[in-house]
Amino acid sequence: MAENLTGTVALVTGASSGIGHATARHLAASGAAVALVARRKDRLEDLAAQIRTEGGTALTIGADLTDPVAAAAAVERTVTELGRLDTVVNAAGLMINGPTEELSLDDWDRMVDINLRGLLNVTKPAIGHLLAATGTSPRKVADLVNISSVAGRFAAVGTAGYNATKFGVTAFTEALRQEYAKRHLRASVVEPGRVETELFDHHEGEAEGFTAMFGQIEYLQPENIAEAVAYIVTNPRHVAVNEIVIRPTEQA
């Protein structure tokens, strides 16, 4: 049975759009106070207003998570202003794909910076607070949920750099799961297939390329991934969902 998150605090990165935006709303609806973290502060304010209108609590934090100082400050501000930290969802991401000889090192560096380094920058300062939450929360459990991709399980032509970052996210999460399992800090990874988000707008021709790859199938929506995250974090203490792969039904 799903548990209510009232009295807990969640930090969600990439909350200005897509999966992060939808996840923040779901967690707020489940009772968590939510820290919304992203670079586009104006979008965060709009989301915070929606959450507050629906009776929830939201804190907006504009931050570039590729900067470790800014990431640590976002975590500390969450704890200072909302009182604790029970859940972290790393949903910020960037995808730039195409023929390897046509992509630049800068393209790869940008994906490493956001998909992997940004996630590390948030997770490291958050771990101590999450472990503390396992002893002070009535639920006696805390959660770290990282959004990877099916590209974190299966390599493909034209996605080498993105594969590298998402395989890294999946491996990092599994290592943390093993390290903290007995301390009731659950580390989970969600690996979506094709989702209708701005991720496909980060590189010219990306959306068209994926349409050619997948055909005219019905894509997942951000809310579908948010529901998976909510399922993970609302499970009782003795239930750990380590990994969820979720694809559109028609995606081979």
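Go through 153, 183 for me and flag whichever is at pLDDT below 95 and either of a type in the set (Lys, Arg) or touching a Leu at 6+ places or on another chain (Cβ under 6 Å) (or both).
Numbers: 183 fails: at pLDDT below 95.
When all the criteria are applied, what remains is 153.
Could you give every pair whose Cβ atoms fall below 8 Å, whose first residue belongs to the stretch 69-84 and is under 14 Å from residue 10 (Cβ atoms), and whose second residue is among the hydroxyl-bearing types (Ser, Thr, Tyr) and modelled with pLDDT of 95 or more, counting only separations of at least 6 or pairs across chains?
82/57; 84/8; 84/136
Please identify the pairs in which a residue from the stretch 1-26 that is under 13 Å from residue 232 (Cβ atoms) and in contact (Cβ under 8 Å) with a residue 24 or more places away in the chain has its Cβ atom under 8 Å from the Cβ atom of a residue that is assigned to a helix (DSSP H, G or I) and among the aromatic types (Phe, Trp, Tyr), counting only partners at least 6 apart or on another chain.
Listed pairs, sorted by first residue: 2/231.
Inside the stretch 27-43, can you point out the residues that are assigned to a helix (DSSP H, G or I) and either at positive phi or surrounded by 24 or more Cβ atoms within 10 Å (Cβ to Cβ) (or both)? Step through it out loud before you land on a result.
As a first pass, look at the stretch 27-43 and keep what is assigned to a helix (DSSP H, G or I): 27-29, 41-43.
Those that are assigned to a helix (DSSP H, G or I) and either at positive phi or surrounded by 24 or more Cβ atoms within 10 Å (Cβ to Cβ) (or both): 27, 28.
Which of the numbered conditions does residue 44 fail, given that it passes all the others? Conditions: (1) touching a Lys or Arg at 6+ places or on another chain (Cβ under 9 Å); (2) within 27 Å of residue 191 (Cβ to Cβ).
For residue 44, the exception is condition (1).
Hey, can you tell me all the residues within the stretch 128-151 that are without any contact (Cβ under 8 Å) to a residue 60 or more places away in the chain, outside any strand (DSSP E or B) and within 20 Å of residue 168 (Cβ to Cβ)? Walk me through how you get there before you give the answer.
Within the stretch 128-151, the first condition is being without any contact (Cβ under 8 Å) to a residue 60 or more places away in the chain, and the residues that meet it are 128-132, 134-136, 142, 144, 146, 148-149, 151.
When the remaining residues are screened for being outside any strand (DSSP E or B), the result is 128-132, 134-136, 148-149, 151.
Within the stretch 128-151, 148, 149, 151 meet the criteria.
Scan 208, 196 and give me the residue that is charged (D, E, K, R) and either touching a strand residue (DSSP E or B) at 6+ places or on another chain (Cβ under 7 Å) or modelled with pLDDT of 90 or more (or both). Break it down into steps so the answer makes sense when it comes.
Working: 208 fails: either touching a strand residue (DSSP E or B) at 6+ places or on another chain (Cβ under 7 Å) or modelled with pLDDT of 90 or more (or both).
Just a single option satisfies the conditions, and that option is 196.
Suppose we keep only residues that are of a type outside the set (Gly, Ala, Ser) and under 16 Å from the mean Cα position of the chain (by Cα) within the stretch 61-82. Which one would you say is surrounded by the most Cβ atoms within 10 Å (Cβ to Cβ)?
From the stretch 61-82, those of a type outside the set (Gly, Ala, Ser) are 61, 64-69, 75-82; that's our starting set.
Narrowing the set further to residues that are under 16 Å from the mean Cα position of the chain (by Cα) leaves 61, 64-66, 75.
Values: 61: 20, 64: 15, 65: 24, 66: 17, 75: 26.
Residue satisfying both the conditions and the ranking: 75.
For residue 87, state whether it is of a type in the set (Ser, Thr, Tyr), under 28 Å from residue 27 (Cβ atoms) and either out of contact with any Leu (no Cβ under 9 Å at 6 or more places or on another chain) or surrounded by 24 or more Cβ atoms within 10 Å (Cβ to Cβ) (or both). I'd like the intermediate steps shown before the answer.
Numbers: of a type in the set (Ser, Thr, Tyr): yes; under 28 Å from residue 27 (Cβ atoms): yes; either out of contact with any Leu (no Cβ under 9 Å at 6 or more places or on another chain) or surrounded by 24 or more Cβ atoms within 10 Å (Cβ to Cβ) (or both): yes.
Here the answer is yes, as residue 87 does meet what is asked.
Restrict the check to the stretch 51-62 and report whether at least one residue is of a type in the set (Val, Ile, Thr) and in a loop (DSSP other than H, G, I, E, B). Walk me through it before giving the result.
Narrowing the stretch 51-62 to residues of a type in the set (Val, Ile, Thr): 51, 53, 57, 60-61.
With the extra rule that they be in a loop (DSSP other than H, G, I, E, B), the set shrinks to 57.
Looking through the stretch 51-62, at least one residue is of a type in the set (Val, Ile, Thr) and in a loop (DSSP other than H, G, I, E, B).
Scan the stretch 87-96 and tell me whether some residue there is small (Gly, Ala, Ser), outside any loop (DSSP other than H, G, I, E, B) and closer than 29 Å to residue 32 by Cα. Write out each step before concluding.
Let us first name the residues in the stretch 87-96 that are small (Gly, Ala, Ser), namely 91-93.
Filter once more, so that each one left must be outside any loop (DSSP other than H, G, I, E, B): none.
Checked against the condition, which is being small (Gly, Ala, Ser), outside any loop (DSSP other than H, G, I, E, B) and closer than 29 Å to residue 32 by Cα, the stretch 87-96 yields no hits at all.
Among (1) assigned to a strand (DSSP E or B); (2) out of contact with any helix residue (DSSP H, G or I) (no Cβ under 8 Å at 6 or more places or on another chain), which single condition is residue 191 missing?
Just one mismatch for residue 191, condition (2).
Here is a check on your reading of the model: is residue 123 touching a strand residue (DSSP E or B) at 6+ places or on another chain (Cβ under 9 Å), part of a helix (DSSP H, G or I), among the hydroxyl-bearing types (Ser, Thr, Tyr) and crowded, with 17+ Cβ neighbours inside 10 Å? Before you say what the answer is, go through the steps one by one.
Working: touching a strand residue (DSSP E or B) at 6+ places or on another chain (Cβ under 9 Å): yes; part of a helix (DSSP H, G or I): yes; among the hydroxyl-bearing types (Ser, Thr, Tyr): yes; crowded, with 17+ Cβ neighbours inside 10 Å: yes.
It is true that residue 123 is touching a strand residue (DSSP E or B) at 6+ places or on another chain (Cβ under 9 Å), part of a helix (DSSP H, G or I), among the hydroxyl-bearing types (Ser, Thr, Tyr) and crowded, with 17+ Cβ neighbours inside 10 Å.
Which condition number does residue 101 fail, the rest of (1) within 16 Å of the chain's Cα centre (by Cα); (2) acidic (Asp, Glu); (3) surrounded by fewer than 17 Cβ atoms within 10 Å (Cβ to Cβ) being met?
Failed condition: (1).
The values are calculated or read from the model by the stated rules, or taken from the named source; none is laboratory data. Since we're looking at a predicted model, the values are computed, not measured. When we count neighbours, we look across all protein chains shown, and the Cβ atoms used for this are built from the backbone with ideal geometry, even at glycine.
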